[in-house]
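Below is one structure, written out as structure tokens; comments come after it.
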Amino acid sequence: MSVNPLRALVREQGDIPATVRLVLRGVTILSIVWQGAWILPDSTLWPWMQDAWLPRPFMWLTLICWIGLIVTTWGPERLRPRYIVFARLDVAFLYISAILLFLTDDRFAQDAWRPATSLVNLAAAMTGLLLTTSAAVEVLSITIGLEFVVLLLQSSQTGGPDAQDVVLIPVYALCAGVAAIVARRGLIFGAERVDLVQRDTVEAESRLLGIRLIQQRISRQEQRLHETVLNTLNAIARGGMRLDEALRTRCQDAIAVMRKMRTIDSTVPSMDSQDWRMDLDDSVTELRDLGMAVYLDLDIHGNVPAEVYAACITAVREACTNARRHSGATSVSVQIATAGGGSRSRATSLSIRIGDDGRGFDPEPQIARFGLPHAIRGPLMDLGGTVLISSAPESGVTIDLGWNAGAGGTRDFALRDLGMSARVFAAPVLTAFSVFGLISMLMTSQELTNPLYGWLALVSYVGISAVIIWSTRSSGIPGWLVIAVCIAAPFVYTLQGASFGSGDAGAWTEWASECVAAMFLVIAAAGRPWWAWLAALASWLIIQGGFPLELIQPGSALIYAGALYARSVRLNARRFDRINDQRLEELANAGVAEREVELLSRRYALLDESGALSLFGSIAEGSIDPADVQIRERADREEQYIRAVMRIGAVDDSVHDVAAEILRWGRSQGIAVDIDLPSGSIVVDDVSDLRVLLERAYSLAGGATGARLSARAEGSRMVVRLVIAGCTDCEIPREQIGSAAIVCLGEGDLMVEARYDI
């Protein structure tokens, strides 16, 4: 085989999901132990023990491929994808060795055909375990047919196979191959289902990451709202501000912040399409609005994982914000490149460089600033990425971000439920060997002294197999059933032995050994409980006797193989549980977080009714004087309004909805409304009575100069109170509707109060 096909075989592994790769690793472990236990104890299968020279090199190659499987399974990580090469060559050399043994060895009197059939039987099992389903079915069908023909031709030779051998040897190989094919396919099918769940989880996690990014941006915008909008309004209201370039710049910053508050909900990172240009458009626009030249260079070859994309979008946005606010730069460049992927495959590496020609800074004392460690360094480095910030006074800033698929490791997923391993193994293996036992009984019953015992043994075996298969429908094999099977298996073996009495057992009358070994393989491979393989081994030793030599025989080795496979699945399942539980815990908050963002967006919609935006615009244009008394009063009103908006919590309850309505009413009437509400949700179901009296209060609030809404717990009740000051016509008697009441307090103060049980 040339180098290019070998590379092609290896590259096939790149398209296999991690879930399936882990299951295939477990199946490979099973095949390694199975093959070693089959060949090593049997000297007739050793390459150096062959008389004919032609099969020897291929038997040596088989041994080399087996060693190659061991190395690529347990060796260095970089060699593991190459296991598929050794797997396919191993199966091929097993069949070639068997064919050459059939053709070149003529020692029929010494049953020389037996090593060849033994290799075919082994190759059938390896075919099912190591090849893809379609390839395994074709190879198995052809080779079993050829084996039957060769055995039939050899049966006429002296010492050749008899009629039972001609039929049962291919049947045994067929059962082993079919069981292996169906079990492998079932495991992969289960793994593919888990992979679909994994993809759904990643999509949900991407949504959560997007929501978190919005929350981070909202938090930053709220901070900037206080730093720019409210501080600027407060400074104008206090007086003493001159219309100069510094004030114009502050007003422009305030305009950008207020616009951003209303567009946050439309700038969620597009996790699926990963449109870098679109998700960075706002940051780039902000820089260009300030007169900076912005160069965005994209060289994208495949998407990166959603969490990496989210972290990079956050980092680039924060870097652009820093450049806008602190750098004094005239130009900013952003270069983004991904490599190793294509239109339908994931990128394996990412590099980003953000640079500006601004004033720069000394990186050491600046490292504690919020933006550098939390928004730029932290998220990406937590995912195994790298962040390098280079700067010096008057030398600009360069930020290099890097990520490699191998740097942070990949998140491994395996079968979520260990019972899946038992389900897909139990049915095909036990059904196939039940069929094998039935055919053996049909062909050998005339040789039995007490055939009734043989049929009872077979019925018992089928019954136990049915119970195992039934028990694996929803979980792994329970501990009580493991113990019951290990007790019942010797009974099946004893019954089968009683069927031929004191006579000599033929080669195929002792079908129970093969069938019970297959049953114990299922018990050991189920992985639950973990001690199942020890119980199976103990029962097998009781059946076979010959302790301790039996510990290194093929039957015992099958149990070891099942235990190793179960361990692989169990460890991967634990890893999956740990990671998935952590994800599910995060995803449980996704709905709440998304609702909070929705409520925040609804709250910030109130800012649309503020006149601060037009006020800042007029000052920036120089059309009004910030020192004018009316402008100062206007700035004071806008500051109070915005502060009131910020006091309405991001919670979904009727009292906060009423607060938003009162704030809108106050805005429309030119009345400053003070809001004093608890930070959490207020559990009040029906406020219809309060709404009726609020409408009455609005009609009586002519000439009002201010209002204050408060809600606080007083004993076992929640008291919601609106006081409107300076009303010119509020001489009304007390009115009460349900839990709410309206009353004039005198001196033009009007109060609406509602008391609700909590």
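The values are calculated or read from the model by the stated rules, or taken from the named source; none is laboratory data. Quantities reported herein were computed from a predicted structural model and do not represent experimental measurements. When we count neighbours, we look across all protein chains shown, and the Cβ atoms used for this are built from the backbone with ideal geometry, even at glycine. Ligands, DNA and RNA are excluded from the accessible area calculation, which covers all protein heavy atoms including side chains. Shrake-Rupley method; radii C 1.70, N 1.55, O 1.52, S 1.80 Å.
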Problem - Number of the exception - residue 126 against (1) touching a helix residue (DSSP H, G or I) at 6+ places or on another chain (Cβ under 9 Å); (2) part of a helix (DSSP H, G or I); (3) open to solvent by 10 Å² or more (accessible area, probe 1.4 Å) - result: (3)
Practice task
Tell me which of these residue 648 doesn't satisfy, since it passes every other one: (1) assigned to a helix (DSSP H, G or I); (2) in contact with a Leu (Cβ under 8 Å, 6 or more places away or on another chain); (3) modelled with pLDDT of 75 or more.
Solution key: (1)
Exercise for the section: Could you run through the stretch 428-468 and say how many residues are of a type in the set (A, V, I, L, M, F, W, C), open to solvent by 50 Å² or more (accessible area, probe 1.4 Å) and closer than 26 Å to residue 526 by Cβ? Expected result: 6
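Looking only at the stretch 54-68, filter to residues that are touching a residue at least 12 places away in the same chain (Cβ under 8 Å) and out of contact with any Asp or Glu (no Cβ under 7 Å at 6 or more places or on another chain); which one of those is farthest from residue 117 (Cα to Cα)?
Taking the candidates together, the pick is 68.
Take the residues in the stretch 341-372 that are over 30 Å from residue 301 (Cβ atoms) and touching a His at 6+ places or on another chain (Cβ under 9 Å), then tell me which one is modelled with the lowest pLDDT.
361
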Exercise for the section: Restrict the check to the stretch 659-674 and report whether at least one residue is among the small types (Gly, Ala, Ser) and more than 25 Å from residue 743 (Cα to Cα). Expected result: no
Exercise for the section: Count, please, the residues in the stretch 319-339 that happen to be out of contact with any helix residue (DSSP H, G or I) (no Cβ under 8 Å at 6 or more places or on another chain) and over 18 Å from residue 225 (Cα atoms). Expected result: 9
Fill in the blank from the handout: For the stretch 239-258, pairs from a residue that is on the phi > 0 side of the Ramachandran plot and in contact (Cβ under 8 Å) with a residue 24 or more places away in the chain to a residue that is open to solvent by 40 Å² or more (accessible area, probe 1.4 Å) and of a type in the set (A, V, I, L, M), with Cβ under 9 Å and 6 or more apart or across chains, are 239/627; 239/629; 240/627
Handout entry: Boolean, residue 187 is in contact with a Gly (Cβ under 9 Å, 6 or more places away or on another chain), over 22 Å from residue 116 (Cβ atoms) and at pLDDT below 75
Key = yes
Problem - Subset of the stretch 724-740 [out of contact with any helix residue (DSSP H, G or I) (no Cβ under 7 Å at 6 or more places or on another chain) and either under 20 Å from residue 675 (Cα atoms) or assigned to a loop (DSSP other than H, G, I, E, B) (or both)] - result: 725, 726, 727, 728, 729, 730, 731, 732, 733, 734
Completion exercise
Conditions (1) in contact with a strand residue (DSSP E or B) (Cβ under 6 Å, 6 or more places away or on another chain); (2) outside any strand (DSSP E or B) -> residue 721 fails only (2)
Exercise for the section: Those residues that are closer than 23 Å to residue 660 by Cβ, of a type in the set (A, V, I, L, M, F, W, C) and surrounded by fewer than 18 Cβ atoms within 10 Å (Cβ to Cβ), I need them from the stretch 726-750; list them, please. Expected result: 737, 741
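Might you check whether a residue that is out of contact with any His (no Cβ under 9 Å at 6 or more places or on another chain), in a helix (DSSP H, G or I) and either buried (at least 24 other Cβ atoms within 10 Å of the Cβ) or at pLDDT 80 or above (or both) occurs anywhere in the stretch 500-511?
yes
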Practice task
Taking residue 429 as the residue in question, decide whether it is in a helix (DSSP H, G or I), modelled with pLDDT of 70 or more and over 19 Å from residue 23 (Cα atoms).
Solution key: no
Exercise for the section: Mind listing just one residue for me: the one in the stretch 741-753 that is assigned to a strand (DSSP E or B) and more than 16 Å from residue 675 (Cα to Cα) and, of those, modelled with the lowest pLDDT? Expected result: 746
Exercise for the section: Could you tell me whether residue 306 is at pLDDT below 80 and among the aliphatic types (A, V, I, L, M)? Expected result: yes
Fill in the blank from the handout: Picking from 53, 60, the residue that is open to solvent by 50 Å² or more (accessible area, probe 1.4 Å) and part of a helix (DSSP H, G or I) would be 60
Practice task
Assess whether residue 181 counts as being aliphatic (A, V, I, L, M), in contact with a Phe, Trp or Tyr (Cβ under 9 Å, 6 or more places away or on another chain), part of a helix (DSSP H, G or I) and closer than 25 Å to residue 521 by Cα.
Solution key: no
Handout entry: Residue list for the stretch 217-250, filter: more than 21 Å from residue 318 (Cβ to Cβ), in a helix (DSSP H, G or I), among the charged types (D, E, K, R) and open to solvent by less than 50 Å² (accessible area, probe 1.4 Å)
Key = none
Completion exercise
Scanning the stretch 588-642 for residues that are touching a helix residue (DSSP H, G or I) at 6+ places or on another chain (Cβ under 7 Å) and among the basic types (Lys, Arg), the one surrounded by the most Cβ atoms within 10 Å (Cβ to Cβ) turns out to be 603
Exercise for the section: May I ask you to list the residues in the stretch 251-280 that are modelled with pLDDT of 80 or more, open to solvent by 20 Å² or more (accessible area, probe 1.4 Å) and among the aliphatic types (A, V, I, L, M)? Expected result: 255, 256, 278
